[in-house]
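Visitor: This structure is in structure tokens; I'll ask about it shortly.
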Amino acid sequence: MALMRRCIATCLAALMSLMAAACDDSGANNGISRMTSGEIQQSVTGNLRNAHTFHATGSAAFGTFAVSDADISVDVVAQSETGTASLPGGGKISFAFTPHSAVVTFDAAAGRAFFGGSGTTAPGCVDFGGVDDASGAIAASLAPLNLVRGESPFIGTFWVKGATHDVGGKDTQTLRAPDGREISVYTHGTALPAQLTFPNGTTLAITAPGGAVASATAATTTSGCLTPKKALLLMDPASNGMTFTPGPDVAKAVEAAITAKGSFDLKGVADIGDSRADVDIQYDGKNSRALMTAHLQAGGDLTAVIADGHTYLTMDEKAALALIGLDDAARKLAGHCIDTTASASGNPLASVDLVGSGPGSIGSKYNAVGLPHSDSGHGVVPLFAADNQAAGILDVLTHGDPLPMLLITGSGNQTATMAFSRWGEIFSIVAPTGCQVIAPSSTAPPRFTPFPEG
């Protein structure tokens, strides 16, 4: 019996050993699935440095375009990178990046695609490294191709483990960054990245660790290269130069253009209190007056006038009830003109008041520019507050006068989308008379805030 028990025990031990070997992560399986995201980052970083180099091929974003046939060589230790890619329409680019330089060479077709316009002369090399770019838009436009500048996508912080999935027939562990980037790391063999996926869906396959790569040092010589703005004007001489201009300078140009026009109309959809409304605002900057008419989508109408330092408000009972929520107060206020200047609610147009504060308020709110794009057939560049996303975005025309075309603003349940038009028209805005003054302690409608003051 003792011998039988020993045989059974030996057989069971052998069986358990075979099962353990089948599930063993210490052999071919590198064990990263059991690691924390921080441990995986450390492992991948160390393995990349040991490999010294790698290649990346596939598609990626460049500016507002998805480039194809990207072929990138990276020296991890030297933090240098060279590569080529194709833009839509057949244009070709080559690029060389180091932590302190970013040089991209365009042929004519690529220059037209990236900078716009109809220029036939190839921009050649363009130095993006010295751009005064408070918003980070230029760096963001290069980021999917530039794997070495700033924070490496493989060494970033706050990566979160995702699911395991198959890449090219091999198992990988996914890590996800807050900005939407995903890195897939092999779960067997050396823990190296298999691919890098960007928020726009483009994917670079990581291959040939340890392979030979060219140095980017010679390729990043900026002598003779154009600045982005000079390249823009070469390809598109009609541009007003707002693209690739620092945000504060764009804001000053917008202020000057608005002041020169004097008046405009701002029309769209916005939140007034807790109510969504169709809003139309006429601004007469020369006489410091404004008229707002609004129809609440749930029912109700109101009118507000800013004139001579006062704010006058008139609304029907539906609007008063929606904004105040008190039956008695709504009935009392309905149909009556009230002067809310001294009330707690103050100027219902205060946060969009380019009348009282003047167009100079734009410069105090907006200090950064984004990437140019097309809106309703017009080229625009977004102007926004780098440190206050809720302050909104002004889409500024890139041809002709640098006037704002569209305002998209707010956050949560206080948002607005408003289009500018009727520049320089004469508006007849008359201050009402016989209005009831609302004292500071009185119940008053909430402020109209298409975008928070910032």
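Visitor: Taking the range 160-176 as the region of interest, how many residues are farther than 13 Å from Leu196 by Cα and either surrounded by fewer than 11 Cβ atoms within 10 Å (Cβ to Cβ) or at pLDDT below 90 (or both)?
Guide: 9
Visitor: Would you confirm whether any residue within the range 278-291 is more than 22 Å from Val430 (Cβ to Cβ), among the β-branched types (Val, Ile, Thr) and either modelled with pLDDT under 90 or within 30 Å of the chain's Cα centre (by Cα) (or both)?
Guide: No, the range 278-291 has no match at all.
Visitor: Can you tell me which residue is farthest from Thr53 (Cα to Cα) among those in the range 177-190 that are in contact with a strand residue (DSSP E or B) (Cβ under 8 Å, 6 or more places away or on another chain), at pLDDT 90 or above and open to solvent by 20 Å² or more (accessible area, probe 1.4 Å)?
Guide: His188
Visitor: Across the range 256-277, which residue is most open to solvent (accessible area, probe 1.4 Å) among those that are of a type in the set (D, E, K, R) and modelled with pLDDT of 90 or more?
Guide: The extreme case among them is Lys267.
Visitor: Restricting the search to the range 224-264, which residues are touching an Asp or Glu at 6+ places or on another chain (Cβ under 8 Å), among the hydrophobic types (A, V, I, L, M, F, W, C) and part of a loop (DSSP other than H, G, I, E, B)?
Guide: Scanning the range 224-264 gives a single hit, Cys225.
Visitor: Something else about it: Restricted to the range 38-62, and to residues that are surrounded by fewer than 18 Cβ atoms within 10 Å (Cβ to Cβ) and of a type in the set (Gly, Ala, Ser), which residue is nearest to the chain's Cα centre (by Cα)?
Guide: Gly38
Visitor: Follow-up question, since we're still on this one. Can you name the residue in the range 21-78 that is at pLDDT below 85, of a type in the set (A, V, I, L, M) and assigned to a helix (DSSP H, G or I) and, of all such residues, is farthest from Leu232 (Cα to Cα)?
Guide: Per the criteria, the residue is Ala21.
Visitor: Where residues in the range 294-315 are open to solvent by 50 Å² or more (accessible area, probe 1.4 Å) and not in a strand (DSSP E or B), which of them is modelled with the highest pLDDT?
Guide: This residue is Gln297.
Visitor: Oh, and also: How many residues are in contact (Cβ under 8 Å) with a residue 40 or more places away in the chain and over 23 Å from the mean Cα position of the chain (by Cα) if we restrict to the range 113-125?
Guide: The number of residues fulfilling the criteria is 7.
Visitor: Go through (1) closer than 24 Å to Leu48 by Cα; (2) in contact (Cβ under 8 Å) with a residue 40 or more places away in the chain one by one and return the number of the condition Phe106 breaks.
Guide: Result: Phe106 fails condition (1) only.
Visitor: Here's something else I'd like to know. Name the residue, out of Pro209, Pro237, Pro193, Pro228, that is under 25 Å from Ala122 (Cα atoms) and surrounded by 14 or more Cβ atoms within 10 Å (Cβ to Cβ).
Guide: It is Pro228.
Visitor: Looking at the structure I just gave you, is Gln436 open to solvent by 30 Å² or more (accessible area, probe 1.4 Å), touching a Cys at 6+ places or on another chain (Cβ under 9 Å) and at pLDDT below 85?
Guide: yes
Visitor: Let me ask another. Quickly run through the range 85-113 and pick out the residues that are touching a helix residue (DSSP H, G or I) at 6+ places or on another chain (Cβ under 7 Å) and not in a strand (DSSP E or B).
Guide: Matches in the range 85-113: Leu87, Pro88, Gly89, Gly90, Gly91, Gly111, Arg112.
The values are calculated or read from the model by the stated rules, or taken from the named source; none is laboratory data. Every value quoted in this text rests on a predicted model; they were computed, and no experiment measured them. Every residue, glycine among them, receives a Cβ derived from its backbone with ideal geometry; neighbour counts consider all protein chains shown. Only protein heavy atoms, including side chains, enter the accessible area calculation; ligands, DNA and RNA are left aside. Shrake-Rupley method; radii C 1.70, N 1.55, O 1.52, S 1.80 Å.
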